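Notes for the one structure printed next.
The values are calculated or read from the model by the stated rules, or taken from the named source; none is laboratory data. Predicted model, so just to flag it, every value in this text is computed and none were measured. Neighbour counts are summed over all protein chains in view; Cβ atoms, including those assigned to glycine, are modelled from backbone coordinates with ideal geometry.
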Amino acid sequence: MIRPSLKWFPLCAVALAVLVGCGKSPSTEGSAASSHAQKLDDGVIVRLDGSPQKVRLQLVDERIVHVTATPDGNFELPASLMALKSGGDARFTFSESADAVTLKTAKLSAQVSLRDGAVHFFDAAGKPVLAERAGGRSFEPTMVDGKPFYAIRQRFDSPADEAFYGLGQHQNRQMNYKGEDVELAQHNIDVGIPFVVSSRNYGLLWDNNSITRFGDPREYQPLSQSLKVYDAEGKPGGLTASYYVGDALKVKRVEAQPDYQYLKDLKQWPAESPAKTTSKVVWEGSIEPAVSGEHKFRLYSSSYAKVFLDGKPVYDDWRQNWNPWYHNLRLPMEAGSRHSLRIEWEPDSGYLTMLHLDPLAGGEQSELSLFSELGHAVDYYFVAGDNLDQVIAGYRTITGKATMLPRWAYGFWQSRERYKTQAEILDTAKRYRELGLPIDNIVEDWSYWPENAWGSHDFDAARFPDPKGMLDQLHAMHMQLMISVWPKFYPSTKNYQELDAKGYIYRRNVEQGELDWIGKGYLNSFYDPYAKEARQIYWRQIHDKLGVLGMDGWWLDASEPDIHSNLDIAERKLRMGPTALGPGAAFFNSYPLMHTTGVYQGSRENDPDRRVFILTRSAFAGQQRNAAATWSGDVVSRWSNLHDQISAGINFSMSGIPNWTTDIGGFALEKRYETTTPTAADLAEWRELNLRWFQFGTFSPLFRSHGQFPYREIYSLASPGTPMYEALAYYDRLRYRLMPYIYTLAGDTYWKDSSIIRGLPMDFPGDANVRNINDEYLFGPAFLVAPVTEYRATSRQVYLPAGTAWYDFRSGQRHDGGTTITADAPPERMPIFVRAGSIVPTGPAIQYTGEKPDAPITLLIYSGDNGQFSLYEDEGTNYGYEKGHYSRIPLSYDEAGGKLTLGKREGDGSGAPAKRKFVIRRIDGSKPNADGNDVSEDISVDYDGAEQKVALKTK
């Protein structure tokens, strides 16, 4: 573990003489280089007097500036893994004054102070947008594996009303990161993407692959390191720890703090009360800070745990014992004051610790700060925009377009941990078709191989006698199969041996004799995707065994990589390296990007006109270019975890990667659900939790049910004909009815660099009320989605953003924006609202996404404002869209004139019928219109590609 001392070496400079005035005198472009500015084809290098340190500004385009600062003035740096475009635009001028060097484009200017090297950014009108703090750039030398690095930090000023989003997917219900701490360190359920966007319409892409911290740069520490800790009797030295087996107290001792965070810590269990038999542990006492302010705590736990601070319950939840996680807590405390602390835990052989940090001095907590453990330079991209869509588009300009997924990927996915035989897969597919439940995809999870052959990519012939025949039967039913393929190998397999012979296997896990959890336990390790040859070998191995069978999608599990769960971070770094590019610690977060790169590129080379689909448990900046969707990992079947997924998904989308999903219903379960005969109360809660999660999944970019026993098929959750079954079936069918809308959103992620999940601040930047809402979002431009996350709730509070009116999608009732309403939410319905002015194309009842391509499309027009939409279609499974093979029909609604315009078709028309019938339905709130199904005043129009104007009936 790298533990920076934070004794930083600040960047410094002195005021310099100048040749020309900044922004007021003629540009020095075309003249001899000034004494402090060296012109580049795409920018400028600024030298600081009295120091070897330099700052380089490179222009990516007129809205994007690449900033690099090195402590030694050396810009011979390793190539970026995330950035495809790091400069190259020559449309700028630069000038130098007594105080600064300024680079200017038509859209922005960036100014480097010659006093301290701080960079300031301004919009086209010269208004300040973002500024590095004076002296806020820091380098701390460190060595890893004999190689020199720096721990680096960059601080920026941030006004009080600024809000921050993005940074990947995090499981602690954080929405607005202002004043928050976020660690970017890949984990089973946590995804670190070093891209943050601001409510001030800019973004920062931090080009670093190591563990990175937004906010406080310090690692959270054990309680006793920064606090005085007292036992239950008030004596200093630790908390009173009581260990119980059943109701019997077995051990009572004083401990500095709970300390069962990692595998290495489990040896501390008392012999009299082993982990396997201990039913409960209670820590109690008090804590005393040395400094005043808001103190920060992190509970890291699995199993059932409760925390009480000053006698008040602040945490009460459960996690599966093999996948603990953090929960953030804060408590204002005065120096020298004592505060009671009580922690109750049912360990179940799990993990728990409590960590702490003193408050940061002054206003540092509210700054924009990024720190990375290892790097060679401060290296980031400033992305300006008029709105957050432009900022996200800028991120993709740097890191790559979001490659389109196949159309079938947006249908329903049925998965299970796991289908154990070929017959189970085929029986599931047939059952869905028999019941008329729409579905496009079946998933085969891990362990289809022989038990002792992980990484062989072979099917166990006893359970899967004819994999090719299985694929053929599924395809005949218009279903696709995605298969789980790990980066993990047993040494006994030929695939391991081939990779190892080339030096492309991480060997430490095997050298440590680490056995996995399968059968008797087997030696295993992961491959190194940082070498191009290793990626090519990996792809060839899976293609030659699985791709040739006709597999439709690749499930790249454990792509963090999770080589062995619950290792401490220092050991994780050692076991995921050394990589072909350097120490594992230096590339901690980028493994999923390199892993998906090999599979994507290999797929396109082998089958260049068949769209790739990859599902991966982790992600990194740039991964959208690899046709890779991400799911939120092995989350648990708890209402709290359902709530956590909402802000996790919103911020993941605002990190620039558009395709995301969760395990509908949660992956891991409490024991009360695992039994084959749950109580009536537990069964009722289980079903309702799955229904509410299913509703949320319907309005997620990808719609995928997955988890451990009990099974998650719709007909397994509830019997056909029951209200619960009908509610699940309704949302399944609704997803397919909305497919024209959803597939347009998917197309726009490529054509318009847009997002499917939209945080409310994206569309309502002027409404401060939306900045911290963590349980509502937009699904495309039209739908406001408000999932229900409480058991037995039949209503919930919903804030409707200001500046527009909203329609209840179920009833058609109209509501004013800028208000909070109590929305009806019976179990069978989730609150969904549609923005006034929306045009929502809907299709017929279908069983799979490619069925009835010529069917009429109903356009739901929600009155109250002008509206636009652009219906997108293409061939759905190939890359013809990259060559202009598509159809787009612009639609615009004029509220004052009561007219809808169907514009002239764009593109060459591929993937759409030459002529199509549109049914136009206007919704104005004057009468109930459940889900837009009132057909009494519909207007039918035959469209042939030419512009048409249609007068709508108005009240």
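Restricting to segment 891-932, name every residue that is acidic (D, E) and assigned to a loop (DSSP other than H, G, I, E, B). Listed by number, the residues that qualify are E895, D908, D924. Under the condition of being buried (at least 23 other Cβ atoms within 10 Å of the Cβ) and either part of a strand (DSSP E or B) or β-branched (V, I, T) (or both), the residues counted in segment 406-427 number 4.
A quick yes/no check of all residues on (1) within 22 Å of the chain's Cα centre (by Cα); (2) assigned to a strand (DSSP E or B):
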| position | (1), (2) |
| --- | --- |
| L355 | no, yes |
| P359 | no, no |
| L374 | no, yes |
| D389 | yes, no |
| G394 | yes, no |
| I398 | yes, no |
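From the list E873, E851, the one residue that fits, being modelled with pLDDT of 95 or more, among the charged types (D, E, K, R) and closer than 28 Å to Y807 by Cα, is E873. Within segment 79-104, work out how many residues are under 27 Å from D49 (Cβ atoms) and either hydrophobic (A, V, I, L, M, F, W, C) or free of Cβ contacts under 8 Å to residues at least 60 places away in the same chain (or both). Total meeting the criteria: 7.
Being modelled with pLDDT of 85 or more and either in contact with a strand residue (DSSP E or B) (Cβ under 7 Å, 6 or more places away or on another chain) or not in a loop (DSSP other than H, G, I, E, B) (or both) is the filter here; which residues of segment 938-955 pass it? Scanning segment 938-955 gives D938, I939, S940, V941, D942, Y943, E947, Q948, K949, V950, A951, L952.
The set of residues from segment 171-223 being in a loop (DSSP other than H, G, I, E, B), within 25 Å of G400 (Cβ to Cβ) and aromatic (F, W, Y) comprises just one member, Y177. Restricting P761, P781 to residues that are over 16 Å from the mean Cα position of the chain (by Cα) and more than 23 Å from R829 (Cα to Cα) narrows the list to P761.
Apart from one condition, N323 fits all of (1) in contact with a strand residue (DSSP E or B) (Cβ under 9 Å, 6 or more places away or on another chain); (2) part of a loop (DSSP other than H, G, I, E, B); (3) surrounded by fewer than 21 Cβ atoms within 10 Å (Cβ to Cβ); the exception is (3). The single condition among (1) surrounded by fewer than 19 Cβ atoms within 10 Å (Cβ to Cβ); (2) part of a strand (DSSP E or B); (3) touching a residue at least 40 places away in the same chain (Cβ under 8 Å) that L331 does not meet is (3).
Surrounded by fewer than 20 Cβ atoms within 10 Å (Cβ to Cβ), at pLDDT 95 or above and not charged (D, E, K, R) - does that describe any residue in segment 201-216? Yes: segment 201-216 contains one or more residues that are surrounded by fewer than 20 Cβ atoms within 10 Å (Cβ to Cβ), at pLDDT 95 or above and not charged (D, E, K, R). Within segment 170-183, residues that are among the aromatic types (F, W, Y) reach partners that are assigned to a strand (DSSP E or B) with beta carbons closer than 6 Å, at six or more positions or on different chains, in the pairs Y177/F164. Of note, A361 does not satisfy the criterion of being at pLDDT 95 or above and of a type in the set (A, V, I, L, M). Scanning segment 666-674 for residues that are surrounded by 20 or more Cβ atoms within 10 Å (Cβ to Cβ), touching a Lys or Arg at 6+ places or on another chain (Cβ under 7 Å) and among the aromatic types (F, W, Y) turns up nothing. Of note, F412 satisfies the criterion of being closer than 19 Å to G707 by Cα, touching a Ser or Thr at 6+ places or on another chain (Cβ under 8 Å) and among the aromatic types (F, W, Y). Listed here are the strands (runs of 3 or more DSSP E) enclosed by segment 597-707 that have at least 2 residues being in contact with a helix residue (DSSP H, G or I) (Cβ under 8 Å, 6 or more places away or on another chain) and modelled with pLDDT under 95, and there are none. Filtered by the rule that a residue be over 17 Å from E346 (Cα atoms) and either in a helix (DSSP H, G or I) or under 35 Å from the mean Cα position of the chain (by Cα) (or both), segment 266-291 gives a lone residue, K267. Of the residues L574, L549, L567, the single one that is surrounded by fewer than 22 Cβ atoms within 10 Å (Cβ to Cβ), outside the structural domain of A185 (by TED's automatic domain parsing) and in contact with a Pro (Cβ under 7 Å, 6 or more places away or on another chain) is L549. Among the residues of segment 842-888, just one is polar (S, T, N, Q), under 30 Å from N606 (Cβ atoms) and assigned to a strand (DSSP E or B), namely S887.
Looking at segment 478-525, which of the residues that are in contact with a Ser or Thr (Cβ under 7 Å, 6 or more places away or on another chain), of a type in the set (V, I, T) and not in a loop (DSSP other than H, G, I, E, B) is surrounded by the most Cβ atoms within 10 Å (Cβ to Cβ)? Applying the filter and picking the extreme gives I505.
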